[in-house]
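We did not get these values from a lab; they are worked out from the coordinates using the rules stated. What you see is a predicted model, and the numbers here were worked out from it, not measured in a lab. Note: ideal-geometry Cβ built from the backbone for every residue, glycine included; neighbour counts use all protein chains shown.
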Amino acid sequence: MIKYIHAADLHLDSSLHGLERYEGAPVEDIRSATRRAFDNLIELAIDEGVAFVLLVGDLYDGDWKDYNTGLYFVERMGKLREAGIRVFIVAGNHDAASQITKHLRLPDNVTLFSTRNPEQIVLEDLNVAVYGQGFATRAVTDDISQAYPQGDPQLFNIGLLHTCLDGKPGHEPYAPCTVDGLRSKGYQYWALGHVHKREEVSQNPWIVFPGNIQGRHIRELGPKGCTLVTVESGEIVAVEHCDLDVMRWCLCEIDVSVSETVDDIYEQVREGLQATLDSAEGRPVAVRLVLQGACSAHSTLHADRERWIQEYRALATRPGGAGIWLEKVSIKTKPSISVDELLERDDALSGLLRSIHDMELDASALDELAHEVSTLRQKLPAELLGGDDPFDPTNPGVLKETLEDIKALLVNRLLFAEKGT
């Protein structure tokens, strides 16, 4: 029996986005999350007695800030060497030869595949062949898998490839290829990297994205880790996901349509946050809280929006609630009063509501508005404009969304005023 681990997209020493600026967030724990997740991988490999580990690209986030990142990685490779575990690596777009200027000598149990052409490494003691090619430059747009050798029918064949496959939303189209093209090589297992969400693309043969080992922002939700593969007599008998993450990103969406008061909503939030924390199995969680649905407390929520956001943040960090940090609070509720009925009435309020409700921006108006807010954009901090969740007020989509928010706010204020509360 042979066991091996397939992992990718380590992004060692990459900071987690969206939390460090938050009051009370454990900054040092956040900064060390990717390292601690990788430590979990090393421990898993040793505990499971795997024969080898496959690391399929994006070990780093580009050039190291200093040599500590490289020293850390070399030391962890040394631990695997002491345990008799071999390691096979292909460089991805973030750690391409053109992106890394610093380097350290790796232990002799580590094989770093060429970036010029595919290589084959035969492990005669295991009857296994491993194939791979790394990225020479950050943007590899050719199908490099075409040049991989045909699998040896006498061996168990594994291909390592950092790729977008046939295209994945949110990922650059690097080293594109097809499932049929990979199948044609005659390998039993394709170990892929680059896509941060786990996916078993195929089981005949096995073509797997393990996902990254630690979520780094709100778009990398849920469990993160590696894939543990078990082979017996040249056949794969088990492919298992193993959690490695030390901090989890979660989306907590709450339908408040059943709540009559803001106190009812507060209790729903408390229960929702607790359920989210429980689902993380002892890990701290970074949560985006979204309140949605039509409710009678809509006007009260929106009339003092900032207060309630702070109330929910305080709830998350209260004594006994440690382990939850709110990355963002989004209040998307609607009034329980039928706006359509009000629009049909014949009075001054209804006329104003109709005017607001019918407001739209055509393309020329959007261009003009974008020009008007361009000055505002120049005053915004760089971290708000860039990163993994950027905000650009001149973007037509953002302008339309903002208009909808303004319309909803105006309608809400008018309804709030009519109720006399």
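Could you please rank THR178, THR394, placing first whichever residue has the fewest other Cβ atoms within 10 Å of its Cβ?
Listed from fewest to most nearby Cβ atoms, that is THR178, THR394.
First check a/c for segment 47-120, with a ≥ b ≥ c the square roots of the eigenvalues of its C-alpha gyration tensor; if it is under 1.5, answer rounded, and if not, answer prolate when a/b is larger than b/c or oblate otherwise.
Here segment 47-120 falls in the oblate category.
Estimate the FRET efficiency between GLU43 and VAL201 by the formula 1/(1 + (r/R0)^6), using the beta-carbon distance for r and 22 Å for R0, to the nearest 0.05.
The calculated FRET efficiency here is 0.20.
For each of CYS252, CYS295, count neighbouring Cβ atoms within 10 Å of the residue's Cβ, then give the residues from fewest to most.
Result, fewest neighbours first: CYS252, CYS295.
How many nm is it between the label spots at GLU235 and GLN274, if each spot is 7 Å from the Cα in line with the beta carbon?
Those two pseudo-labels are separated by 4.9 nm.
Using 21 Å as the Cα-Cα cut-off, could you pick out the over-long pairs in LYS3/LYS102; LYS334/LYS400; LYS65/LYS197?
Going by Cα-Cα distance, LYS3/LYS102; LYS65/LYS197 fall outside the 21 Å limit.
Given R₀ = 25 Å, what would the calculated FRET efficiency be for ARG138 paired with VAL27, taking r from the Cβ atoms and rounding to 0.05?
So, using R0 = 25 Å, E works out to roughly 0.30.
With viscosity set to 0.692 mPa s at 37 °C, what whole-number translational diffusion coefficient in µm²/s follows for segment 2-243 from Stokes-Einstein and a Kirkwood radius over Cα pairs?
183 µm²/s
Answer rounded, prolate or oblate for segment 136-189, using the Cα gyration tensor with square roots of eigenvalues a ≥ b ≥ c: rounded when a/c is under 1.5, else prolate when a/b is larger than b/c, else oblate.
Judged from the Cα gyration tensor, segment 136-189 comes out prolate (a/c at least 1.5, a/b above b/c).
What list do you get for ARG216, ARG307 if you sort them by fewest beta carbons within 10 Å? Mind showing how you got there, number by number?
Numbers: ARG216 24, ARG307 10.
Going from least to most buried by this count: ARG307, ARG216.
Hey, got the Cα dimensions of segment 122-228 along the principal axes, in Å, largest first?
45, 29, 24
On alpha carbon coordinates alone, what is the Rg over Rh value for segment 41-169, Rh being the Kirkwood radius?
Rg/Rh for segment 41-169 comes to 0.97.
Calculate, in nm to one decimal, what ASP304 and GLN120 gain on full extension: separation in residues at 0.36 nm each, minus their alpha carbon distance.
Contour length minus the Cα-Cα distance gives 59.9 nm.
Please report Rg over Rh for segment 185-237, where both radii come from the alpha carbon positions and Rh follows the Kirkwood definition.
Answer for segment 185-237: 1.04.
If a/c stays under 1.5 just call it rounded; otherwise compare a/b with b/c (prolate if a/b is bigger, oblate if not). Do that for segment 205-333, with a ≥ b ≥ c from the square roots of the Cα gyration tensor eigenvalues.
Working: a/c = 3.27, a/b = 2.59, b/c = 1.26.
Cα axes put segment 205-333 in the prolate bin.
How many nm separate the modelled label positions at TYR72 and ARG283, each set 7 Å beyond the Cα in the direction of the Cβ?
Roughly 1.7 nm, to one decimal.
When the Cα centres of segment 298-314 and segment 37-115 are compared, how far apart do they sit, in Å?
About 47 Å separates the Cα centre of segment 298-314 from the one of segment 37-115.
What's the local net charge at PRO205, with K and R +1, D and E -1, over the other residues with C-beta under 12 Å away?
In short, -1.
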